[in-house]
Every structure is written in structure tokens, then in C-alpha cells.
1. Taking the conditions exactly as written (out of contact with any Phe, Trp or Tyr (no Cβ under 9 Å at 6 or more places or on another chain) and either modelled with pLDDT of 85 or more or closer than 30 Å to L419 by Cβ (or both)), does R2 satisfy them or not?
2. Restricting to segment 214-242, and then to whatever is crowded, with 17+ Cβ neighbours inside 10 Å and over 39 Å from the mean Cα position of the chain (by Cα), can you tell me which residue is nearest to Q256 (Cα to Cα)?
3. Would you be able to tell me the number of residues in segment 380-402 that are touching a helix residue (DSSP H, G or I) at 6+ places or on another chain (Cβ under 7 Å) and not in a strand (DSSP E or B)?
4. Any residue at all in segment 346-355 that is in a strand (DSSP E or B) and either of a type in the set (S, T, Y) or closer than 14 Å to Y277 by Cα (or both)?
5. Name the strands (runs of 3 or more DSSP E) wholly inside segment 16-106 in which the number of residues that are within 30 Å of G371 (Cβ to Cβ), not assigned by TED's automatic domain parsing to the domain that holds D389 and not hydroxyl-bearing (S, T, Y) is 2 or more.
6. Starting from segment 335-356, keep only residues that are free of Cβ contacts under 8 Å to residues at least 60 places away in the same chain and loosely packed, with under 15 Cβ neighbours inside 10 Å, then list their pairs with residues that are of a type in the set (S, T, Y) and part of a strand (DSSP E or B) whose Cβ atoms are within a distance under 9 Å, requiring at least 6 positions of separation or different chains.
7. Could you list all residues from segment 342-366 that are among the β-branched types (V, I, T), over 12 Å from V381 (Cβ atoms) and out of contact with any Gly (no Cβ under 6 Å at 6 or more places or on another chain)?
8. So in segment 370-398, with the set limited to residues that are in contact (Cβ under 8 Å) with a residue 40 or more places away in the chain and more than 22 Å from E65 (Cβ to Cβ), which one is surrounded by the fewest Cβ atoms within 10 Å (Cβ to Cβ)?
Amino acid sequence: MRFLRRSLAGLFLLSLTLGLLAWAGILVRDAVQTRLADTPHIPQARERVFAVNVVPVRLETVIPEMTAFGEIQSRRSLELRSAVGGTLIDLAPAFVEGGRVAAGTLLARIDPADMQAELERAQSALQDAEAERREAIRAVELEKDALAAAEEQAALRQRAYQRQADLQTRGVGTSALVEEAELSASSARQAVVTRRQALAQTEARVDQSTTALTRAHIALDEAQRRLVETEIRAEFDAQLEDVSVVAGRRISANEQLATLVDPAALEVAFRVSTQQYLQLLNASDQPRELPVTVTLDFYGASVSSAGTLIREGAAVGEGQTGRLLFAALEEPRGFKPGDFVTVKIAEPPLERVALLPATALGPAGDVLVLGADERLEAVQVELLRRQGDEVLVRAALDGRMVVAERTPLLGAGIKVRPLNTEAGSGPTGPDVQAEATMLELTEERRARLVAFIEGNERMPAEAKQRLLAQLSEPMVPAQVIERLEARMGGLSRCGISPAPPVDS
């Protein structure tokens, strides 16, 4: 009985399984037939729309600004060197590093004892030369008188000879008397020649004494000049630099004592590329006298001065590129020679140009413009200048919208969705955003920054006051905080914990 019950249950399960399998097969067959009989369904493709940032194009007159970096130097400097050797016996109180002196100020004095003795010897030699010349002149006068007397005696002897010769022709005189008179006349003429030679010698003595007197004057002038050179004076109002001497030191001739630097006659030397240099030339191939702005940045503050482009370098220089230019500072207050500064040159204005972000310009010199039905159009433009993150272009696009940031996915004919149709074309770079970011400091962090500023002895007093005034405000520029904390390296060595991260 049990066997029969189990057999019947097994047959039931087997028949149920076969029925399910047959039903599944029928379903699969019907689905395949239906799929083969239906027409294929193709989904409708949708156009992809990109979201882009656009800026309006405004044609206006823009003054391009060229940026370069240079070094402050003085247009007038002078090396103080000793013309004579000796011992420094006197130094001015201002003869120190950084001392300010006025024109004509006595800076140093060298022991003048040797030069004074040399001057006295030259004066004595001059007196001897003058006495010698006076004696030579008197000798010339005496020789002239002696020559005149000899000539008179020779004339008398000649007349006596002629008288004896006349007497002989008349038979009164003798031949012996005639010969004696002729010998006397000849001796008198010889005496005249001798006196002439003596006169010539005395005249030559006068010439030699004149030359000796001239040499004595030259020696006296040189001795006086060397005595004056024992005093070192300032040639102009200046500051002293590289002072390397002390009182009592023995110095040699041509040794450098210090350098005079005129702090009011400052200029900046900076280098630009050849392309930028060509943009600054006028019709005569000379750099224009363009206005420049020189800025020195330090500790979140800055010092600026206006200036004028005055000249260019004569040569490129070995291992250098571009062109070297010089600009004179009009207000050099706060600048010192050796400062590394930023120079901004205002070029001649350009009319009817557009100021666009540099990312809007394509490699082919075109921009993407928002056209009809919000589709992009490629328009060719003329690139005039590059200014940091911006470009100056010229094109007939006044009032149209230009894509501010191009990507490889964008091109002519692409449909887009503009995001900022009201945005201007001003700079939007990270530097501008950082300038505009204001942070609120905790009291502990504010105290650390104030202590760092007050304890910094190298920071100028004006910069300290400016920074302390900014830190006293409730909101402080983020750029100032970052620069101060970047210069607070080594606080852990002073027992102060590092500053916490920037407040958000």
C-alpha cells in the first residue's frame, strides 16, 4: 500500500514537470515568433546641448599695459678712491654705511705731512729758479754792454789802421806802424766775436732758466694738487655704500674707500622680449617716452612710483635675450638700488578693440560667437596684445556674445546653453578672486600675526602700521594672511605653534 502511494506521487510530479517544460517551450516559441515578426524599433536621437560661459564684446579704446620685471639702480654713482697713499687721520661722522652727505662735505683726510714737505720743497725750488732767471737776465744786460764797448774799440782800432795806411801812402808812416795798427784792429774784431759768443751763452742761460722756472711751477702745482688730494670730499648729495675703512688705517693709492650713490636719481633696468620691444618703437625706430609704473611688493603691501621710459641698452649682452630698457623714476620714495620690482608700461591707446579672456581665443586665431538658435559660429579675429589672462583683439563683433572658455568639445554649429549672458568681459582669474576674498580671524590667530609683525625688525615702520591697521579690522584680506603666514616659517623653533589653516 505504501509502495503504491509513493509511485502515484512520483508519477504526478513527473507529469507536472513535463507539463511545465512544455508550457515554457511554447512561451519561448511564441516570443521568438513575435520578435521576428515585429519591425525593428529605432530610438530617436537627441542633440546634445553644452552649457558655456559667454561674455559680451564691447569695442572701446583700451590702453595696453605691458608687464616686465627689473632692478632699481642709481643713475649717478661715484667710487671714492684715494689718489695718494697715507694714513687716515680724520673721518667725518657721516662716513659710515648708509650715511647721508651733502655736496662738498669733507669725508676723510689723509696725513698731509709728506705732501706739505713736498710742497715746501717745490716752493724753494721755485724761488731758486726765479733767482737764476733774474741773474741770467742781468748777465745778458752786462754782456750786451760789453759787446757794445768791444764794438766801439774795434771801430777805433779800424780807424787807426786806416790813418796809418794813409800816412804810409803819403810817405810819412812806416810799414811797421801799419802792420801794428792792422794787428790791433784784428784783435779788436776778435774781441767783438768773443763778446757775441758770451752774449749768446747768457741768452741760452736765460732760456734754460725760463724752462727751469716752468718746471718749478709745474712741480709746485703738482705738490699743491697732491696736498689737496689728501682731503676726500663728496661730489654731490648722496648716500655712502660699501664703506671699508676706519680712522688710523694705512691706505694705498687708488684704494676704494666707499661708493657714493645718489638716492634721488634712481632708474629701473628691465628686459622685454624682442616682439614687445618692437611695439614700443616710434617712427624713428627709437623707444617712445611712455609712462611706466614701478611697484615693489612686500608683506602684502606695496610701494609704487611713476616713471618715464628714457633709453635702451646698446647691445643684447652675452647669454641674454630680448632688449634692455631703462626708465627714470619720478618719485623714488621708498625705493633703493637693488630692489626687484614690477614694471608696467602704458602703451599708446588702441581704438575699437575688445578685451576678452585669453581662453576665448582659439589656436587658429578665432573665437566662438553665439549665433542664431543658440548655435556657435567661428569668427576670425586679429590678435593685438596679450595681457596676462586677457587678450586684445580687433573684429566686427560689437555687442555679440563670445564663449569665454573654449574646450575641445566646442566648435562651429554646436548648440549651447549660455550661462552668464549678463557677465562682463572683465578679469575673472584666481588672483582677482583671491584679492576679493575676506576672512574673519580668531583672536588667537590675530594675536599671533600681530606679534609676528611687531617683532620683525627688518620690516619698515610704514609697512608695520599698514598691516596692523588691516589686522585690526573685523575682515582681513586672505592674500595678506597667506603672505604673512608663509613668512612665519620657523615659529616652532621660537616656541609658537604653527598657524591653523585658513578660515573658511
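1. Taking the combined requirement at face value, the residue does not satisfy it.
2. Result: A223.
3. 1
4. Step one: filter segment 346-355 for residues in a strand (DSSP E or B), giving 346, 350-355.
Keeping just the survivors that are either of a type in the set (S, T, Y) or closer than 14 Å to Y277 by Cα (or both) gives 346.
Checked against the condition, which is being in a strand (DSSP E or B) and either of a type in the set (S, T, Y) or closer than 14 Å to Y277 by Cα (or both), segment 346-355 yields at least one hit.
5. Of the strands (runs of 3 or more DSSP E) lying wholly inside segment 16-106, those with at least 2 residues that are within 30 Å of G371 (Cβ to Cβ), not assigned by TED's automatic domain parsing to the domain that holds D389 and not hydroxyl-bearing (S, T, Y) span 50-52, 54-56, 60-62.
6. Within 9 Å, no pair qualifies.
7. T342, I345, T359
8. The residue in question is D373.
The values are calculated or read from the model by the stated rules, or taken from the named source; none is laboratory data. Remember, predicted model here, so these are calculated numbers, not experimental data. A quick note on method: Cβ atoms are made from the backbone with ideal geometry, for glycine too, and the neighbour counts reach across all protein chains shown.
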